[in-house]
Structure formats: structure tokens, C-alpha cells
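First comes the structure, then the notes that go with it.
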Amino acid sequence: MDRLCRAVGRPDDSVALVTCGTLGVEVAVGLARNIARVRSGKRRGDILTSTLSYHGMSALTLALAGNHARRPRPEDALGLGPAFPAPYPPVHDHAERACDASCAEEMAKAIDSRGADNVAAVLLEPVNGTTGGAYVPPDGYLTR
């Protein structure tokens, strides 16, 4: 594992090898929640996702996702669900302009509405493939 971290230029990082993407997301969610709790001493368990997202096929990842066809019924969604619009059509359409980096403000509003002390992580896809057909966030969105 150390060799892998050095090979990608991140020698101080660590790696978790998993068998599928769903498990990778579940491990990331668990780590985010645990790290946030240890660092802050608070519960900080909220994981925020977008309205057009796919994160896997387990009960947890389906509940986090924004894909309406795959989302569980509200009573089965573990109290989870998308918190902000994805930065591309058809879920975040602007009549006068296309989405741009400023659309990240929607994510900031979602964090503020939950309270930053309650949010462990924001889970999003750099390329939305399964639910959106290879949508890519606008330039500057991920950086912002």
C-alpha cells in the first residue's frame, strides 16, 4: 500500500482496497463519519449528495443517491436523500445561462442549512455516468 501511495505522489496517504464501487463508497462514508467525530467530538454524520447521482446498489448508497428510478421508497431511505441540485440539466436548469462554477453555491447552501458542524462529507461524482449519461460538472465547480 505504501508503494501505491508513493507511486501517485501521495506518500502520506493510505489506501483501502475494496471489491466494488458500492463498497468503496460505504467505506468512504464510514471513514468520513468516524474522522469527523474524532476530530470534532461531535456526531457529524450527514453525508450530502446531489439530485442526479448514483453511488452504488446497497441500501445505504441507494438511499444517498438522487436517481429517482433507483431510490428506495421514502420509508426505506434511512432518512437520507439528495441535498442539492446537480450542476447540469435537467435537474439544475437556468433559463438565461448554462450551469457554471457558481452553481456550487447550491452545495454551500445545503451545508449551511444542515449546519457545517453536522456534515461529515459531500459525496459527488466527477463524471456522472450511470444516471446522467457522462455529465461533467462545469469548469471550476469541483474546485469551488
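What the table below lists for this structure:
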{"item": "Condition met for Gly79 (modelled with pLDDT under 90, over 13 Å from the mean Cα position of the chain (by Cα) and closer than 17 Å to Asp46 by Cβ)", "result": "yes"}
{"item": "Single match in Asp112, Asp2 (criterion: open to solvent by 60 Å² or more (accessible area, probe 1.4 Å), acidic (Asp, Glu) and under 20 Å from Leu124 (Cβ atoms))", "result": "Asp112"}
{"item": "Hits in the range 40-53 - residues which are over 15 Å from Leu80 (Cα atoms) and touching a residue at least 40 places away in the same chain (Cβ under 8 Å)", "result": "Ser40, Lys42, Arg43"}
{"item": "Given (1) surrounded by 14 or more Cβ atoms within 10 Å (Cβ to Cβ); (2) in contact with a strand residue (DSSP E or B) (Cβ under 9 Å, 6 or more places away or on another chain), index of the condition Ile35 fails", "result": "(1)"}
{"item": "Single residue of Val122, Val91 found to be surrounded by 15 or more Cβ atoms within 10 Å (Cβ to Cβ), among the hydrophobic types (A, V, I, L, M, F, W, C), in contact (Cβ under 8 Å) with a residue 24 or more places away in the chain and within 20 Å of Ala28 (Cα to Cα)", "result": "Val122"}
{"item": "First in the range 54-81 and open to solvent by 70 Å² or more (accessible area, probe 1.4 Å), second anywhere and among the aliphatic types (A, V, I, L, M) and modelled with pLDDT of 85 or more, Cβ under 6 Å, 6 or more apart", "result": "Arg70/Leu62; Leu78/Ala63"}
{"item": "Pair list, Cβ < 7 Å and 6+ apart or interchain, from the range 21-39 residues that are free of Cβ contacts under 8 Å to residues at least 60 places away in the same chain to residues that are small (Gly, Ala, Ser) and surrounded by fewer than 16 Cβ atoms within 10 Å (Cβ to Cβ)", "result": "Thr22/Ser58; Glu26/Ser58; Val27/Ala16"}
{"item": "Residue selected from the range 38-53 under the condition open to solvent by less than 60 Å² (accessible area, probe 1.4 Å) and more than 19 Å from Leu142 (Cβ to Cβ), by the criterion modelled with the highest pLDDT", "result": "Asp46"}
{"item": "Candidate set from the range 5-27 (those that are among the β-branched types (Val, Ile, Thr) and either in contact with a Pro (Cβ under 9 Å, 6 or more places away or on another chain) or within 30 Å of Arg70 (Cα to Cα) (or both)); member that is surrounded by the fewest Cβ atoms within 10 Å (Cβ to Cβ)", "result": "Thr19"}
{"item": "Single residue of Glu106, Glu96 found to be without any contact (Cβ under 8 Å) to a residue 12 or more places away in the chain and over 20 Å from Gly24 (Cα atoms)", "result": "Glu96"}
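For (1) over 16 Å from the mean Cα position of the chain (by Cα); (2) within 22 Å of Asp117 (Cβ to Cβ), each residue gets a yes or a no:
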position: Leu31; (1), (2): no, yes
position: Arg37; (1), (2): yes, yes
position: Ser58; (1), (2): no, no
position: Pro72; (1), (2): yes, no
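The values are calculated or read from the model by the stated rules, or taken from the named source; none is laboratory data. This one's a predicted model, so the numbers in the text were calculated from it and none came from an experiment. All Cβ positions, even for glycine, are placed from backbone atoms using ideal geometry, and neighbour counts span all protein chains on display. Protein only, heavy atoms only, side chains kept; ligands, DNA and RNA dropped before computing areas. Shrake-Rupley method; radii C 1.70, N 1.55, O 1.52, S 1.80 Å.
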